[in-house]
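The values are calculated or read from the model by the stated rules, or taken from the named source; none is laboratory data. Quantities reported herein were computed from a predicted structural model and do not represent experimental measurements. Accessible surface is based on the protein model in full, side chains and every heavy atom, while ligands, DNA and RNA are left aside. Shrake-Rupley method; radii C 1.70, N 1.55, O 1.52, S 1.80 Å.
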Amino acid sequence: MRHILFAVWLSLFLGLLLASPALAQTGQINGVITDNSGAVVPGANVRAVEVATGLSRDTVTGADGRYNFTSLRPTTYDITAELTGFRTSQRKGVLLQANENLTVNFAIELGALAETVTVSGESPVVDVTSAALNEVVDSKRIVELPLNGRDAAKLSTLVAGMVLTLVDQESGKTIPGALRLSTNGTEARQVSFRLDGTSHTDPYFQQNQPFPFPDALQEFSIQTSNYSASQGNSAGAVVNAITRSGTNVFHGGGFGYLRDRTFNARNFFSAERDFLKRKQYGGFLGGPVQRGKTFFFAGSKPSWSAS
């Protein structure tokens, strides 16, 4: 019995690792560090720390004073720049969203390294490195907007240029309910879907594979034009969903949805109310396995029935 339980826990742990968004991320933060005179500062140490987990990345500015963090997980960061002979400079609460390239510049001042200049509450930094047309659908909209069937992929139509042309009811070769979306007049099968940066497109019909239920999604970005060749693979949009992850604080929740003829209004042209009955329920939990190092996030797949 103990061997069976160990195998189950090992399978769950490996599954969580394989599903981790840390394996394929798409955001980056870069910038230039200068001194009081405006001259670039090479050799400065720059650190980006995830606020929620405490995980950090370090780099050093080059001869041109530039630094670059690639393959960052979309979340909120505190960024610190320091160099011997200068005051430490820090930018707090820098929000990096999916498929964003943020430019965060620093102007460090002469002084003791122990002195720190902290900047917070500034206007949002902008992406000046890419011409891509991109919009992020955040978790608040994913969870709170009315969503028939709780299929988060349908929220793609919130973005300008995205038009739903067909909800596929084919069940033999694909999932029922897969979407065919047209982008700015392109054909419906030219949208590329990704989950945590990896392909999530049905190779037969060129439409989406099932998205996780809304409470398990952090956000998803939709690039409709001018995206880079690395995001290519189609002439339409690129939809990249990002799953939630654990943090240093335990967080979780449960949900239940019921649709029944008892609550439905009768269509004016119908003799009685419709017979549709749908139940969806589940829950999710995330938190630390080892604070500041290892985290987990798991959720139940919603159950539903219709008649």
Worksheet, complete the sentence: Counting only protein heavy atoms and leaving out ligands, DNA and RNA, the solvent-accessible surface of Glu100 at a 1.4 Å probe, in Å² to the nearest 10, equals 40
Worksheet item: Taking the C-alpha atoms of the stretch 163-244, how large are the radius of gyration and the largest Cα-Cα span, Dmax, in Å?
Response: 12.3, 35
Discussion item. Under the rule of at least 5 residues apart or a separate chain, name every residue whose amide H is placed under 5 Å from the amide H of Val117.
Written reply: Thr88, Ser89, Gln90
Practice prompt. Run the 1.4 Å probe and let me know the accessible area of Asp274, rounded to the nearest 10 Å².
Written response: 70
Worksheet item: Tell me, what ³J(HN,Hα) does each residue in the stretch 277-282 have, in order and in whole Hz, if you take phi through Karplus 6.51 cos²θ - 1.76 cosθ + 1.60 with θ = phi - 60° and put x for Gly and Pro?
Response: 10, 9, 10, 9, 8, x
Discussion item. Could you give each residue of the stretch 90-107 its phi-based ³J(HN,Hα) in whole Hz, using Karplus coefficients 6.51, -1.76, 1.60 with θ = phi - 60°, and x for Gly or Pro?
Written reply: 9, 10, 9, x, 7, 8, 10, 9, 4, 6, 9, 10, 8, 10, 10, 8, 10, 10
Response to the item:
Residue-ordered couplings for the stretch 56-67, obtained by feeding phi - 60° into the Karplus form 6.51 cos²θ - 1.76 cosθ + 1.60 and rounding to whole Hz (Gly and Pro as x), are 9, 10, 10, 8, 10, 5, x, 4, 8, x, 8, 10
Discussion item. Can you tell me the length gained on complete extension of the stretch Arg47 to Ala265, counting 0.36 nm per residue apart and subtracting the Cα distance?
Written reply: 72.8 nm
Worksheet item: Using modelled backbone amide H atoms (1.01 Å from N, in-plane), which distant-in-sequence or interchain residues come within less than 5 Å of Asp151's amide H?
Response: none
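So what is the relative contact order for the stretch 143-294, in percent, with contacts set as C-alpha pairs under 8 Å and at least six apart? If you can, show how the numbers build up before the last one.
Details: 266 pairs, mean separation 27.1, N = 152.
In percent, rounded to a whole number, it is 18.
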Fill in: Solvent-accessible surface ranking, highest first, for Tyr281, Tyr227, Tyr77 at 1.4 angstrom
Tyr281, Tyr227, Tyr77
Worksheet item: For the stretch 211-307, treating each Cα as an identical point scatterer without solvent, what Debye log10 I(q)/I(0) comes out at q = 0.10, 0.12, 0.20 1/Å?
Response: -0.52, -0.68, -0.95
Worksheet item: Binning every alpha carbon pair distance of the stretch 23-98 at 10 Å from zero, what are the percents per bin?
Response: 19, 52, 25, 4, 0
